[in-house]
1. Express as a percent, rounded to the nearest 5, the fraction of DSSP beta bridges in the chain (both residues included) that run antiparallel.
2. What are the principal axis extents of the Cα atoms in the range 1-126, in Å, biggest first?
3. Gain in length, residue 154 to residue 194, computed as 0.36 nm per residue apart minus the alpha-carbon separation, to one decimal in nm?
4. Which helices, taking whole DSSP H runs in the chain, have alpha carbons extending 24 angstrom or more along the helix axis plus mean Kyte-Doolittle at least -1.0?
5. log₁₀ I(q)/I(0) of the range 89-228 at q = 0.14, 0.17, 0.20 Å⁻¹, via Debye over equal Cα point scatterers, no solvent, to two decimals?
6. Name the residues of the range 1-24 whose amide N is less than 20 Å from a point 7 angstrom out from the Cα of residue 85 along the C-beta direction?
7. Could you calculate the FRET efficiency of residue 55 with residue 94 from 1/(1 + (r/R0)^6), where r is the beta carbon distance between them and R0 is 30 Å, rounded to 0.05?
8. Within a 10 angstrom radius of the beta carbon, how do 22, 53, 120 rank from fewest other beta carbons to most?
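Each reported figure results from applying straightforward, stated rules to the coordinates on display, with no laboratory input. Everything numeric in this text was worked out from a predicted model, so none of it was measured. When we count neighbours, we look across all protein chains shown, and the Cβ atoms used for this are built from the backbone with ideal geometry, even at glycine.
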Amino acid sequence: MKVVVSVGGSVLAPDLEPDRITEYARAIETLDEAGHTLGIVVGGGPTAREYITTARDLGANEIELDQLGIAVTRLNGRLLIAALDDRAAPTPAESYEEGREAIRRGDIPVLGGIVAAQTTDAVAAAFAEYVGADLLVYATSVPGVYDADPNDDEAATRFDELGASELVDVIADIEMDAGSSAPVDLLAAKIIQRSGIRTVVLDGTDPERVVRAVEDDEFDGTEIVPEA
Ligand code: UTP
């Protein structure tokens with residue numbers, strides 16, 4: 001199966017402690033050894049947020065802040081590449097084409113951000129569409145898609161399954177609430193909708209959950225079902 005896995009920065013590198021990154025590398029190697037074709041997208045996490053906060057105080061504009069965010073996602077990508085030994089392409093892919101070429105060579109591409117004004121949620125969806133992935137997995141700090149922000153609202157309930165158009169509607173509602181964070185952003189939801197890629201959003205704090213989702217189709221999270 002061809003699988004794109006998006007690993008949120010707060011899941012992969014909540015700090016610079018190496019263990020979680022090693023565990024993710026082992027999980028990716030398990031899927032690789034099982035014969036899956038993989039593409040990995042990593043986020044910026046708290047380190048990106050710290051850089052962005054400082055640069056904003058220094059007067060950087062939004063595009064400059066995005067460029068800083070992209071740089072941090074690629075630094076996180078380099079950490080994962082370091083842990084993946086020789087199976088990964090040696091540098092983070094800076095374009096979708098570069099990522100696809102790595103797959104053709106038989107390497108595992110690791111991507112961070114690609115262009116300003118989006119997040120790695122959209123990168124993962126676009127890359128999955130570009131390479132014709134069978135499955136897109138979001139390993140995030142929010143264990144699925146909820147009808148409200150579960151960090152703010154105790155009554156928030158998780159969807160086990162959603163159609164892609166329903167996902168777009170749910171995310172649009174959540175994003176209307178200033179400050180609340182959705183597990184997948186609206187651009188990513190729109191790409192998932194148009195591409196018809198089967199997508200799973202799950203709690204990525206334990207990388208074994210990603211392995212189980214891909215290998216056994218077993219997960220505790222939300223499945224986004226393509227529409228005809
Ligand atoms: P993330 O994808 O980690 O942002 O990219 P996020 O979703 O806000 O972070 P998490 O999921 O909560 O950890 C970090 C930042 O890098 C820039 C954006 O500024 C983003 O907020 N970025 C990333 C881009 O501008 N373009 C990209 O393609 C990716």
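1. Working: 5 of 29 bridges.
Approximately 15 percent, going by the DSSP bridge assignments.
2. Here the Cα extents, ordered largest to smallest, are 48, 31, 21 Å.
3. Working: separation 40, 0.36 × 40 = 14.40 nm, distance 3.20 nm.
Length gained, residue 154 through residue 194: 11.2 nm.
4. 62-83
5. -0.65, -0.96, -1.27
6. So the set is 18-24.
7. With R0 = 30 Å, the Cβ-Cβ based efficiency is 0.90.
8. Details: 22 16, 53 11, 120 29.
Lowest count first: 53, 22, 120.
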